Amino acid sequence: MLNCTLNENGRYITLISDGAAHRYHAVWLRDNAWDEATRSAENGQCLIALKDIPNETYISNLQLSGRTLLLTFAPEGKAIEFDTDWLLENAYDPGATRPAGWTRPTVETWDGGLMSRVPVADFEAVQTNADSLRLWLADIARYGFARLQNGPVEDLALMQVVDLFGHVRETNYGRHFEVRTEVNPTNLAYTGLGLQAHTDNPYRDPVPTVQVLYCLESSAAGGDNMVVDGFRVAERLRAETQDWFDVLSQHCARFEYAGSKDVKLQSRRPMIDLAPDGELVGVRFNNRSASAITDVPFDKMETYYAAYRRMGELIDDPAMEVSFRLEPGECFLVDNRRVLHARKGYAGTGKRWLQGCYADTDALYSKLAVLEAQKQVAAE
């Protein structure tokens, strides 16, 4: 059941739906109007600036008819219709304050229990069927990673993966990079050593937010891939010791890469990255690229290192890992802001060749939103 009331000076309204009350300021409503003079019907972009809305804007009258709310704004004398479903979807008056480290309802954190239901899709299916692609991208949004099987075993096949949703992000490593044993490597990723689970390129700001690793050869013993949910790690750390979560989210670590000629990349960001309202938006952890930490006060440095150590222990906990072996024509994609990846050591006999590249989640989420909107239209 819907009801709507206007406060006595018209500065805000209260929309009540199924007993829950949501307040909306007059200036917010006027700024988010969808009339043809305020926003483009073609692309939704705003046609006016905030300075074009009178500073003293208030609501002089309201009428609720079904799911449509008609508001009259003064001093303009402008009447504008609002869809109440849209207002409820965009409510900003939630009531209770959320604790630091909260995640969106569309995010599902996980541990090793996900091993029995690793998100995976068929390469040809996601290329030819929009609904299969939508479901695969939705898995990436929910879990932070997903696999693809039965792809072509050919040089640069990974570019076809990125083409499904976006564009390659070129770095100093090029449009793609090779992952196989090299003599005198510039990066430990190019050896047969096992690697601790980590996020890639923490020394960049911003980091590449998507990484694709595609298998072309896999005859060496070992070398299984492993992923760990950094968001679940942060949740466990917070549950164990709030001070440790706070110190890693409130102070910057420093990261650096200078392994190639004419390249010296540096950044300073927290290992646990929160939005201003406390949403958990990222994790950066890479012991190989960590440099001296100098942004933590003296009286908190020991606490910081205790938290840093515990975070590493949680990442290394076998109960947190999901592991799998990639065969030729298989790949996996990770949200590099969230999911740490690793490789177990492999033997010197046989061959192991993967190709990797980076992309960004803005295109991935854009593609997912388009596909979801198309599905909704088709269902109506």
Given (1) out of contact with any strand residue (DSSP E or B) (no Cβ under 9 Å at 6 or more places or on another chain); (2) in a loop (DSSP other than H, G, I, E, B), where does Gln374 come up short, assuming only one miss? (2)
Residue within region 305-321 that is within 30 Å of Asp163 (Cα to Cα), touching a residue at least 40 places away in the same chain (Cβ under 8 Å) and under 23 Å from the mean Cα position of the chain (by Cα) present: yes
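If we keep just the residues of region 334-371 that are outside any strand (DSSP E or B), touching a Phe, Trp or Tyr at 6+ places or on another chain (Cβ under 6 Å) and open to solvent by less than 40 Å² (accessible area, probe 1.4 Å), which is farthest from Val153 (Cα to Cα)? Reasoning before the result, please.
At the first step, the residues of region 334-371 found to be outside any strand (DSSP E or B) are 336-338, 344-345, 347-351, 360-371.
Right, trim to touching a Phe, Trp or Tyr at 6+ places or on another chain (Cβ under 6 Å) and you get 338, 363-364, 367.
Retained after the next criterion (residues that are open to solvent by less than 40 Å² (accessible area, probe 1.4 Å)): 338, 363-364.
Numbers: Arg338: 28, Ala363: 25, Leu364: 24 Å.
Restricting to residues being outside any strand (DSSP E or B), touching a Phe, Trp or Tyr at 6+ places or on another chain (Cβ under 6 Å) and open to solvent by less than 40 Å² (accessible area, probe 1.4 Å), the top hit is Arg338.
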Within region 250-264, can you find the residues that are open to solvent by less than 70 Å² (accessible area, probe 1.4 Å), farther than 12 Å from Asn201 by Cβ and not in a loop (DSSP other than H, G, I, E, B)? Ala253
Kindly check whether there is at least one residue in region 104-115 that is open to solvent by less than 70 Å² (accessible area, probe 1.4 Å), of a type in the set (Ser, Thr, Tyr) and touching a Cys at 6+ places or on another chain (Cβ under 9 Å). no
How many residues does region 116-170 hold that are part of a helix (DSSP H, G or I), closer than 22 Å to Lys375 by Cβ and not aliphatic (A, V, I, L, M)? 12
Out of (1) within 29 Å of Cys215 (Cα to Cα); (2) without any contact (Cβ under 8 Å) to a residue 60 or more places away in the chain; (3) not aliphatic (A, V, I, L, M), the odd one out for Arg343 is which? (2)
Given (1) in a helix (DSSP H, G or I); (2) of a type in the set (A, V, I, L, M, F, W, C); (3) out of contact with any Leu (no Cβ under 7 Å at 6 or more places or on another chain), Ile293 misses just (1)
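The values are calculated or read from the model by the stated rules, or taken from the named source; none is laboratory data. Only a predicted model underlies this, so the values are computations on that prediction, with no experimental measurement involved. Cβ: placed from backbone, ideal geometry, glycine included. Neighbour counts: every protein chain shown. Remember, those area values only see protein heavy atoms, side chains included, never the ligands or the DNA or RNA. Shrake-Rupley method; radii C 1.70, N 1.55, O 1.52, S 1.80 Å.
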